[in-house]
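Presented below is the structure to which this report refers.
The values are calculated or read from the model by the stated rules, or taken from the named source; none is laboratory data. Being a predicted model, the structure only gives us computed values, none of them experimental. Every residue, glycine as well, gets a Cβ built from its backbone with ideal geometry; the counts of neighbours run over all protein chains shown.
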Amino acid sequence: MNLEEYKGVFVYAQQVDNEISGIAYELLGKAKELAAPLNTEVTAVLIGSDVKNLADSLAEYGADKVILVDDPELKEYRTEPYAHALASVINKYKPEIMLVGATAIGRDLGPTVSARVATGLTADCTVLEIGDFPLVAVPGKESEQKHNQLLMTRPAFGGNTIATIACPNNRPQMATVRPGVMQKIDPIKGAKAVIEEFNPGFTPNNKYVTIKEVVKAVSNTVDIMDAKVLVSGGRGVGTPENFKILEDLAEVLGGTVSCSRAVVDAGWKPKDLQVGQTGKTVRPNIYFAIGISGAIQHVAGMEESDIIVAINKDEDAPIFDVADYGIVGDLNKIVPALTAQLKAEIAAK
């Protein structure tokens, strides 16, 4: 493999029902950052059927070019045709870096494609940067240190340690990133995409599944990733009924209730409301951590919040290490009192 042939930072621009997923814009923002020290371009790979009209929105969020793979076989996501499409793009255009969102689709597509193009893939990355590998040159082997490598950092061993991984001998360097971890850039209004159409041809085979029916789940809950205020509860809330006091606080603040993994595991709240390494990554303006100890797996999903307020009876709880404001005490007394005070102040205005 001639590594010098591989150039550019590519992003798989996921679309569902002809609508670009938010993770695509987030990855484009990170791709712009990674492309700068490499002095290269950012390319979005848009795969689907009749999706050409979506290309300009990718340009607005940082894509210098869009490679469009448009075919009726790509109307709905299916592993085989989508993997064929993306692997064919990689083999033809030879990107140095390929980023994929760690969504339900991306977690299926990314590993399949990496195997087909014979490269590695680092999953669920929290940090991506360009640097040297090894990070510190081995004494006497300084000439073997490789520069301008994609350094992919992710939690390992259940979140108890952080691993930085590189792929120095194969290309592309592939990574998946969970939604909410990276930040999209401010849109460049009026930007137009430079579109290059490419179709590798699609011949259905025994790996093509047939979609009989698409059933969409109906949810009345707000996506916690979009919330500006989150009132999050952990095992320390005590009972599922006790979440009522958190809901009252969230209502006053115009916020949304979320929770820790322990709450989901106990069956108190649905998985959609879970914050953390195995849940969702959130960046609200205000994050209330109530009855949450602050295990590293939870903190990984909320530490980028603008303001963190922790309420816990254990003064040594790790959550206080990341909190901007901390209250030690009984949440059953503190939260209702806080809610009442906020109501009074709102009524007085």
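Observations, loosely collected:
- Hits in the range 29-49 (condition: touching a Gly at 6+ places or on another chain (Cβ under 8 Å) and closer than 17 Å to Leu86 by Cα): Val42, Thr43
- Any hit, the range 53-69, residues being more than 23 Å from the chain's Cα centre (by Cα), within 13 Å of Ile20 (Cα to Cα) and assigned by TED's automatic domain parsing to the domain that holds Ala175: yes
- Leading residue by the ranking (farthest from Ile286 (Cα to Cα)) among those in the range 209-263 that are of a type in the set (Ser, Thr, Tyr) and either within 25 Å of the chain's Cα centre (by Cα) or not assigned by TED's automatic domain parsing to the domain that holds Leu338 (or both): Thr210
- Val264, sole failed condition from (1) crowded, with 20+ Cβ neighbours inside 10 Å; (2) on the phi < 0 side of the Ramachandran plot: (1)
Residue-wise test of (1) touching an Asp or Glu at 6+ places or on another chain (Cβ under 7 Å); (2) within 21 Å of Thr103 (Cα to Cα).
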residue	(1), (2)
Thr153	no, yes
Lys184	yes, yes
Phe198	no, no
Lys207	yes, no
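- Across the range 147-165, the qualifying residues are those that are at pLDDT 85 or above and surrounded by fewer than 15 Cβ atoms within 10 Å (Cβ to Cβ), and the one among them that is farthest from Glu5 (Cα to Cα) is Ala163.
- The listed residue being closer than 21 Å to Gly238 by Cα, among the basic types (Lys, Arg) and either modelled with pLDDT under 95 or surrounded by 17 or more Cβ atoms within 10 Å (Cβ to Cβ) (or both), out of Lys349, Lys271: Lys271
- Filtered residues of the range 166-186 (kept if free of Cβ contacts under 8 Å to residues at least 40 places away in the same chain and either touching a Pro at 6+ places or on another chain (Cβ under 8 Å) or buried (at least 18 other Cβ atoms within 10 Å of the Cβ) (or both)): Ala166
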